[in-house]
1. State all residues of segment 375-416 that are of a type in the set (Val, Ile, Thr), assigned to a strand (DSSP E or B) and touching a Lys or Arg at 6+ places or on another chain (Cβ under 8 Å); if no residue qualifies, say none.
2. Would you confirm, using the coordinates I've provided, whether residue 309 is of a type outside the set (S, T, N, Q), at pLDDT 95 or above, farther than 23 Å from residue 245 by Cβ and touching a Phe, Trp or Tyr at 6+ places or on another chain (Cβ under 7 Å)?
3. List pairs: first residue in segment 174-191 and small (Gly, Ala, Ser), second residue in a loop (DSSP other than H, G, I, E, B) anywhere in the structure, Cβ distance under 7 angstrom, at least six positions apart or on different chains.
4. Between residues in segment 501-525 that are outside any loop (DSSP other than H, G, I, E, B) and residues that are surrounded by 16 or more Cβ atoms within 10 Å (Cβ to Cβ) and of a type in the set (A, V, I, L, M), which pairs lie under 7 Å by C-beta distance while being six or more apart or on different chains?
5. Considering (1) buried (at least 16 other Cβ atoms within 10 Å of the Cβ); (2) modelled with pLDDT of 95 or more; (3) of a type outside the set (Ser, Thr, Tyr), say which one residue 176 fails and leave the rest.
6. Have a look at 101, 142 and point out the one that is buried (at least 17 other Cβ atoms within 10 Å of the Cβ), over 18 Å from the mean Cα position of the chain (by Cα) and under 30 Å from residue 463 (Cα atoms).
7. Please go through segment 401-416 and pick out each residue that is free of Cβ contacts under 8 Å to residues at least 60 places away in the same chain and either farther than 30 Å from residue 145 by Cβ or open to solvent by 10 Å² or more (accessible area, probe 1.4 Å) (or both).
Amino acid sequence: MAMDIHMPKSRAPNQENRTIAIIGAGVSGLLACKYALQKGFSPTVFEARSSIGGVWSRTCDSTKLQTPKNHYRFSDFAWSDSVKEAFPDHNQVREYIYSYALHFNILPHIKFNCKVVSVDYLCTSSEEDMSSWELWAGTGEAFSPKGKWHVSVQDLQTSADTTQVYQFDFVILCLGKFSGLANIPQFSMNKGPEVFDGEVMHSMDYAAMDNAAEFIKNKRVTIVGFQKSAIDIGTEIAKVNGAKHPCTLLFRTAHWSVPENLVEFIFRNLNRVSELTVHKPDEAFFLWLLAALLSPLLWIYSKVIENYLKWLYPLAKYDIIPEHGFLGQIRSCMLTVLPADFYEIVREGCLILKKAQTFSFCQTGVVVDDEDVPLETDIVIFATGYKSDQKFASVFKSIDFQKYLLGSSAPFYRECIHPKIPQLAIVGYSESHATIYTTEIRAKWLAHFLEGNFRLPTIREMEHNVMRWEKCMRRYTDPNFKRGCVSVMLQIYCNDEICRDMNCNPRRKKSILSELFAPYGPSDYADLSSLGREE
């Protein structure tokens, strides 16, 4: 394997020729690039695909936004007036993202078809010295004279197995949590896909197919899962094959799914007053008491929505009433918007809902809960999510850095900086029901940090902050779920912390009443360059 070392030159003399690598050109990568450019840097973006947009570049035909577009938007770039829908489809989202990249001239900074194989931190200090650092990177600042990152990149357009190594002062990982490393269940010997005569794939492979409709036509398809991808793909296949070749959704746990109008209602109620009902890390006694007194309102809110969904959908008829509460699912960022005709397709027999605790493969299909008669099928699609933490960790050559990422459910300060991994940030790791909204403000925060507008706290203080957030997340996360994102219930609180770091006024509204009761959204944070909001 050939190896060359390249040292990109920055075209921003006012930034002391600092070089920045951004890995990934999805939404988070575009945001990181845009705000780095705004601060005078000239970053290099590596993208393994031939297009931008991340998961939106290749997805199912039936995929739509799960978030109202006024919350899924860039703060300084509105949706086109031609997009009338509150929940645009994937083509409209892809066009919106591409228009953003064109408008801010991001495309010239992207190296397409360039897959980052690994990143390796080389430091002039010994490992013993690094372990004794009190400040991040030894200085508390973004750039340090003590270390450089070597980024190994494979050009996918060449037939030769060559890797080029680029040297950078700072690396921003924007790999995305919902792509890359598929989460496939493990099976006992002779009970896995190897004994099955049909096709087995993950939902990401199905989404990437150019001829998906032709591939599944007149085939018996079983989809494993009951979240967004499973429901979207199941609905899509059921419409193609009809009742003659029904599609089966096979799942262990039923989840709450909601109509679009309820999603809009939920987002309209995400304000400062609603956040008073949620406990926060290291809160003062008065805020703790207030949250304790108001928390029953959350329980009532959750039960009202649950009963509404039981009335709206035939959940009891199909034995799919979730055992967990609605809020527990919201706090785990697992809200799914249901296609309007979903249960009509189920009633017509085009889509079969089958709940089971276990299943295994046999030659002709799958055996469900040790039933005598197997479920005969031609294609099995796993819509079972991704191993996102392992994907992020596998990029690092350092075993220690890999362990840092896998050792906590909330490993990052401000959800993008690991206290013990210097000169590197991860943008797009934080989970939310409004990805652009959550990611953009952290990209702005990172750009301010890169410019030197503030320093990070000590490593000990950042680790303490991380542990406080993890404790808070575990308090609210339903035990059925492996992840938590309680910050979705504290979006404004998190943004306040970020604004204060940047010396910006966290109060973004024009009046006290709107500050308390009006929902916050991306447009409220369009200008974070000055104290207060003057417009």
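The values are calculated or read from the model by the stated rules, or taken from the named source; none is laboratory data. Everything numeric in this text was worked out from a predicted model, so none of it was measured. Methodologically, a virtual Cβ is constructed for each residue, glycine included, from the backbone with ideal geometry; neighbour enumeration extends over all protein chains shown. Surface accessibility is based on the protein's heavy atoms, side chains included, excluding ligands, DNA and RNA. Shrake-Rupley method; radii C 1.70, N 1.55, O 1.52, S 1.80 Å.
1. We begin by selecting, within segment 375-416, every residue of a type in the set (Val, Ile, Thr); these are 377, 379-381, 384, 395, 399.
Still in the running and assigned to a strand (DSSP E or B): 379-381.
379, the sole residue that qualifies.
2. On the way: of a type outside the set (S, T, N, Q): yes; at pLDDT 95 or above: yes; farther than 23 Å from residue 245 by Cβ: yes; touching a Phe, Trp or Tyr at 6+ places or on another chain (Cβ under 7 Å): yes.
Criteria met by residue 309.
3. Going by the 7 Å Cβ cut-off, the qualifying pairs are 176/24; 176/26; 176/428.
4. Close Cβ pairs satisfying both conditions: 522/436; 525/441.
5. All conditions pass for residue 176, except number (2).
6. Numbers: 101 fails: under 30 Å from residue 463 (Cα atoms).
Just a single option satisfies the conditions, and that option is 142.
7. So in segment 401-416, the residues free of Cβ contacts under 8 Å to residues at least 60 places away in the same chain come out as 402-407, 411-413, 416.
Answer for segment 401-416, where residues must be free of Cβ contacts under 8 Å to residues at least 60 places away in the same chain and either farther than 30 Å from residue 145 by Cβ or open to solvent by 10 Å² or more (accessible area, probe 1.4 Å) (or both): 402, 403, 404, 406, 407, 412, 413.
Conditions tested, residue by residue: (1) in contact with a Gly (Cβ under 8 Å, 6 or more places away or on another chain); (2) among the aromatic types (Phe, Trp, Tyr); (3) open to solvent by 10 Å² or more (accessible area, probe 1.4 Å).
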{"site": "304", "(1), (2), (3)": "no, no, yes"}
{"site": "308", "(1), (2), (3)": "no, yes, yes"}
{"site": "311", "(1), (2), (3)": "no, yes, yes"}
{"site": "314", "(1), (2), (3)": "no, no, yes"}
{"site": "318", "(1), (2), (3)": "no, yes, yes"}
{"site": "331", "(1), (2), (3)": "yes, no, yes"}
{"site": "336", "(1), (2), (3)": "no, no, no"}
{"site": "341", "(1), (2), (3)": "no, no, yes"}
